[in-house]
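Step one of this worksheet: look at the structure below.
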Amino acid sequence: MSERGNIVDTLARDRGIEWLNAARLRPTRQRVSLAALLVGDGRDRHVTAESLYAASRETGEAVSLATVYNTLRAFCDAGLMQEVTVEGSKSYFDTRMDDHPHFYWEDDGRLTDAPAEELKIESLPTAPDGTRISAVDVVIRLRRS
C-alpha cells in the first residue's frame, strides 16, 4: 500500500478509536475496524449490517455478519448511531445523531438524509396514559417516475 494509503488508514482508525472512546466503548480490534469504516472519513453514513459486512470483507477484516449486527447494536446502545427501520423489518444504521428526516429510495433500497429545514411538524398526538413519545421517525418514500 502507498504511504498516502497508510496515512488515510491510520487517520480513519484514529477517528474510529476516538468515536468509541467518546462513548466509553472498549476499542476491540473488530469495533475499531468497523468504526473506521463508519466514521473514518468524517462523513455520516447510512448502512445496513449487510453493507457494512461487505465493506469490512473488502478491507480483509475477518468479522462475521453476526458480529457486525451485535456491534451495530452496541453502537446504538452507546448513543453513537441510531437505527432507522424501513419496510417493517429492514434496518439502516445512521451515524448522524441529530433529529432529521430521511428519504428512502424504493427503487434501489437506499436511505439518505432529507433536508430537515423543509420539514414542518406543528403538533403530535397526545401519547396514551402511562406512555411518552420517545422519538418521531420521518421516512419519506421515493419512487422514480
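No value in this document is a laboratory result; all are computed from the given coordinates. Just so it is clear, the model here is predicted, and its values are computed rather than measured. Cβ placement follows ideal geometry from the backbone for every residue including glycine, while neighbour counts extend to all protein chains displayed.
Of note:
- Our coupling estimate for the range 82-96, obtained by passing each phi through the Karplus curve with A = 6.51, B = -1.76, C = 1.60 and θ = phi - 60°, is 10, 9, 10, 9, 10, 6, x, 10, 7, 9, 10, 10, 10, 7, 7 Hz, Gly and Pro reported as x.
- Scanning residues 5 or more positions from L142 or on other chains, those with amide H under 5 Å from its amide H are Y104, W105, E106, with H placed 1.01 Å from N in the peptide plane.
- A helix-only calculation puts the chain at -12000 deg cm²/dmol for mean residue ellipticity at 222 nm, using -39500 (n - 2.57) for each DSSP H run of at least four residues, averaged over all residues.
- Bins of 5 Å from zero: percent of alpha-carbon pairs in the range 3-142: 2, 9, 17, 20, 18, 15, 10, 6, 3, 1, 0, 0, 0
- Springs between Cα atoms under 10 Å define the GNM used for the chain, and in it the highest mean-square fluctuation of P101, P128, P115 occurs at P128.
- Taking G109, G16, G88 in turn, the Gaussian network model of the chain (Cα-Cα springs below 10 Å) assigns the largest fluctuation to G88.
- For the chain, the share of DSSP beta bridges that are antiparallel, to the nearest 5, is 75%.
- Gain upon complete extension [R26, E87; 0.36 nm per residue less C-alpha separation]: 18.7 nm
- Residues considered: E106, E118, E50. Largest GNM mean-square fluctuation over the chain, using C-alpha springs under 10 Å, is found at E118.
- Efficiency of FRET between H100 and A62 - r from beta-carbon atoms, R0 25 angstrom, step 0.05: 0.15
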